[in-house]
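Computed from the coordinates by the stated procedures, all read-outs in this text should not be read as laboratory data. Owing to the predicted nature of the structure, the values given are computational and were not obtained by experimental measurement. Cβ sites come from the backbone with ideal geometry, for glycine too, and all protein chains shown count toward neighbours.
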There are 4 protein chains.
Amino acid sequence: MPAHPSQADALVLARKVASAMEKQDAAVRHMGIRIEDVAPGLARVRMELKPEMLNSHGTGHGGFIFALADTAFAYSCNAGNEANVAAGCSIEYLVPAACGDVLTAVAKERHRSGRTGIYDVTVSNQRNEIIAVFRGKSHRIKGTSVPEGSF
Amino acid sequence: MPAHPSQADALVLARKVASAMEKQDAAVRHMGIRIEDVAPGLARVRMELKPEMLNSHGTGHGGFIFALADTAFAYSCNAGNEANVAAGCSIEYLVPAACGDVLTAVAKERHRSGRTGIYDVTVSNQRNEIIAVFRGKSHRIKGTSVPEGSF
Amino acid sequence: MPAHPSQADALVLARKVASAMEKQDAAVRHMGIRIEDVAPGLARVRMELKPEMLNSHGTGHGGFIFALADTAFAYSCNAGNEANVAAGCSIEYLVPAACGDVLTAVAKERHRSGRTGIYDVTVSNQRNEIIAVFRGKSHRIKGTSVPEGSF
Amino acid sequence: MPAHPSQADALVLARKVASAMEKQDAAVRHMGIRIEDVAPGLARVRMELKPEMLNSHGTGHGGFIFALADTAFAYSCNAGNEANVAAGCSIEYLVPAACGDVLTAVAKERHRSGRTGIYDVTVSNQRNEIIAVFRGKSHRIKGTSVPEGSF
């Protein structure tokens, strides 16, 4: 593989990484999160808000909305096959979510330099209302998701 | 009940509220979170990190650590029997969590004025290492968790 | 003025508001911040990093970089002539700034509903490197910057 | 100096570091910030809100309140004579500040591990009202504030 892979190669790699991550991602399976699309610095994931995801006010528990956004963040910041973990995250809740809502989180890389990256995630419902915005800061660690010579 | 309830009354109320919240809290049951103690402006909750809570790196998924902290936040900011929801939250991850770790989140009210409150949450593991710090901002809405004349 | 002003009207109003704000904005004058452009939900401001804005490491003091970003945030969230104040802000520093750097902060509205708005600000230097990202949450209060019938 | 300095030594060192930092800190002088006390992991700083620190609403400009909090953060996270810079900060504004208010920011270390530290800062006015809370994340870099053998 050349030092500067083509955009097409980078997209193929991003999807291989996502596929490898998903196989080992117990949390994603458990919450029924579907990894819809992953590209370099981008990810779109989806989840239906189920009854066990409601809080005592009967609306979507912030923890699950966060987990969905965090998943989009994780798949976008790992798309280059360099392992990255979350250093910190913030979320602002804008509109409550209801049982049965289908939530989509889209993560985009805003900045990357050295071992640090900044990713912005928007969480929307099935009416395209933005219900939360999330910002994640990633930290690169050693390791890859798929063996380096495998693609 | 007098306008300025005694500390003892406030503690009784906080525990009634927590008990009422817990009965309706599907997310807490689903994650196996135990509400250990609630007092005015304070809450301590506990969760064991189970295999389905791991991410693709094999460590605790940030979403579940967040959810535990968020739960401590929710029970502490609702302890006065005025309904409060999260307006925004931030979390900083300090140390990874491993499968089987028993995590404790302790929330403390830092400030309350008007309809806004600030709560700090510390998440520790069974070795008393702080693994994450969380800050939540609450927004008071209409409603109570237990009927106002019931205590 | 019609209930739904044209885009042209909104742009004229945004600039009138910015001009009125700037006249009363002692902090902006004091720091030498230039309000370069304001449009509905958008603002671009500029500042040269002067010797008195350095910290003890000899690089740009985070407080002044924050103040520049915060100014872009303030002018963008007030552009509709409804008074808004900051409820909370976060900043991530990515690259240090040096004495003499000319910094540009661009604020964009991400979301607005009810009395709350979310604004993202990017701070760049004269080499177009992003040196910091900022997110502000606004809260609408009573009042306007220019009299309501004056345009 | 022994590997584990006594608390008294650590306090002497913290004050030497603060004194060395202050001499080079143009921003602190420019804003009239007084470094009142520094100890290991702690700092208290004070500033009067002057007319040039007001925004267009006539209240304290968020940038200067941030700068005061950020200064307390900087002096507390550098007190051990290892150079630290801010990686990111967040602030929540709770009560507006008025011209002439005397603001005190107190920073406390919440956590330190590896190269990362978390510091909480509370900003109060002369009536002991908390007007803002701030959280800073520090990142250790190479270097010291005072020569290592000088104390």
Once the Cβ-Cβ distance between A:Ala39 and A:Thr144 is put in as r, and R0 is 22 Å, what FRET efficiency do you end up with, to the nearest 0.05?
0.80
Could you size up the charge dipole of the protein assembly as shown around its Cα centre, putting +1 on the beta carbon of Lys and Arg and -1 on that of Asp and Glu, and report it in debye to the nearest 20?
0
For region D:90-151 and region B:1-62, compute the distance between their C-alpha centroids and round to whole Å.
30
Partner chain coverage, peptide D:71-84 - average Cβ within 10 angstrom:
1
Using unit Cβ charges (K, R positive; D, E negative) and no other charged atoms, how large, in debye to the nearest 20, is the dipole of chain D about its Cα centre?
280
Past 32 Å, Cα to Cα, is the threshold; run C:Lys50/C:Lys142; B:Lys108/C:Lys137; B:Lys16/B:Lys137; D:Lys23/D:Lys50 against it and keep the listed order.
C:Lys50/C:Lys142
Just to confirm the number: angle between the C-alpha axis of helix A:62-77 and the first principal axis of chain A, 0 to 90 degrees, nearest 10?
20
Per GNM of chain A with C-alpha springs under 10 angstrom, the most fluctuating residue out of A:Ala132, A:Ala26, A:Ala107 is A:Ala26
Here the correct list, in nm and shortest first, of distances from C:Asp37 to the same site in the other copies, label points 7 Å along Cα→Cβ, is 2.9, 5.1, 5.8
Would you mind telling me which residue in B:Val95, B:Val85, B:Val38 has the biggest mean-square fluctuation in a Gaussian network model of chain B, where springs connect alpha carbons within a distance under 10 angstrom?
B:Val95
Can you list, shortest first in nanometers, how far A:Ala8 lies from the same residue in the other copies, with each label 7 Å from Cα toward Cβ?
4.8, 7.5, 7.9
Select from B:Ser90, B:Ser76, B:Ser56 the residue whose mean-square fluctuation is largest in a Gaussian network model of chain B (Cα-Cα springs shorter than 10 Å).
B:Ser56
How are the C-alpha pair distances of region B:21-116 spread across 10 Å bins, as whole percents from the shortest bin up?
15, 48, 29, 8, 0
Expressed as a rounded percentage, what relative contact order does region D:7-140 have, with Cα pairs under 8 Å and six or more residues apart?
25
Tell me the angle of helix B:7-23 to the major Cα principal axis of chain B, expressed in degrees between 0 and 90 and rounded to the nearest ten.
60
So what is the relative contact order for region B:67-151, in percent, with contacts set as C-alpha pairs under 8 Å and at least six apart?
37
